[in-house]
Amino acid sequence: MHPLGYLAVEPIIDKKDHMMKYLLLIVTILIQTSVFAQGPWAAGKGHGYGQVLFNTIPAYSTLYIGDGNTRETERELSDITLAAYLDYGITDKLTFNANVPYIFLNSGELMDNTITPITEEGSLSGLGNITLGGKYTIIQKKLVAAVHLQADLATRSFDNSTGLSTGVDATTIMPKFSIGSSDNNWFVYGYFGY
């Protein structure tokens with residue numbers, strides 16, 4: 001079988017039901033990750049959740065800068081990120097989490113709109129901003145509430161000649177409060193904070 005499965009070699013139109021199942025599986029995984037990371041539920045002592053994430057932004061040359069405006073870059077850029085995420089219960093009420101991204105960046109050929117370039121062609125790879133955090137459950141009944149504290153660390157790499165950076169050159173501390181409830185077949189939660 002092809003590594004991408006049979007959908008890679010057969011018409012997708014004939015496999016609508018299978019595509020919907022795969023899409024539902026992907027959405028479910030993403031929602032579960034979000035619930036554990038942002039929701040008030042603790043992992044429980046000795047229990048945890050981990051995943052490896054991969055994403056890519058293929059070659060692009062236009063940046064969105066806000067208010068519907070864009071800006072053309074002088075070079076074609078691309079980005080690949082590989083990250084490891086961990087959520088682990090230290091106690092029944094205290095959960096530790098970490099996200100460690102490793103980023104591969106490329107600055108390619110000059111775009112047609114560039115007369116005098118200020119950056120060089122090249123690539124950069126290294127750690128992005130590592131995130132470390134904790135969540136402490138303060139109410140653990142039908143209604144669950146927790147306080148969170150998260151730090152994004154300035155662990156990025158930067159190359160002056162290409163202008164490439166694997167993250168932001170700043171450490172950010174982010175407090176948050178979340179509240180939620182669940183039953184056998186549903187859950188709801190909300191959060192606010194920085």
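Quick one: length gained pulling Asn184 to Tyr102 fully straight, 0.36 nm per residue minus the C-alpha distance? Spell out each step's value before the answer.
Working: separation 82, 0.36 × 82 = 29.52 nm, distance 3.72 nm.
Answer, rounded to one decimal: 25.8 nm.
Please report Rg (one decimal) and Dmax (integer) in Å for the Cα set of region 125-194.
When restricted to Cα atoms, region 125-194 yields Rg and Dmax of 17.4, 56 Å.
Using only the alpha-carbon atoms of region 60-116 as identical scatterers, what base-10 log of I(q)/I(0) does the Debye formula give at q = 0.28, 0.29 Å⁻¹?
Computed log10 I(q)/I(0) values: -1.05, -1.07.
Treating region 36-194 as a set of equal point scatterers at the Cα positions, no solvent, please give the Debye-formula log₁₀ I(q)/I(0) at q = 0.12 Å⁻¹.
Debye curve over Cα of region 36-194, log10 I(q)/I(0) at q = 0.12 Å⁻¹: -0.68.
Which Rg and Dmax, in Å, describe the Cα atoms of region 48-142?
Cα-based Rg and Dmax for region 48-142 come out at 19.7, 64 Å.
Going from most exposed to least, what order do Arg75, Arg156 have by accessible area with a 1.4 Å probe? Before the final figure, lay out the partial values.
Details: Arg75 25, Arg156 65 Å².
Ranked list, largest accessible area first: Arg156, Arg75.
The values are calculated or read from the model by the stated rules, or taken from the named source; none is laboratory data. Just so you know, these numbers come straight off a predicted model, no measurement behind them. Ligands, DNA and RNA are excluded from the accessible area calculation, which covers all protein heavy atoms including side chains. Shrake-Rupley method; radii C 1.70, N 1.55, O 1.52, S 1.80 Å.
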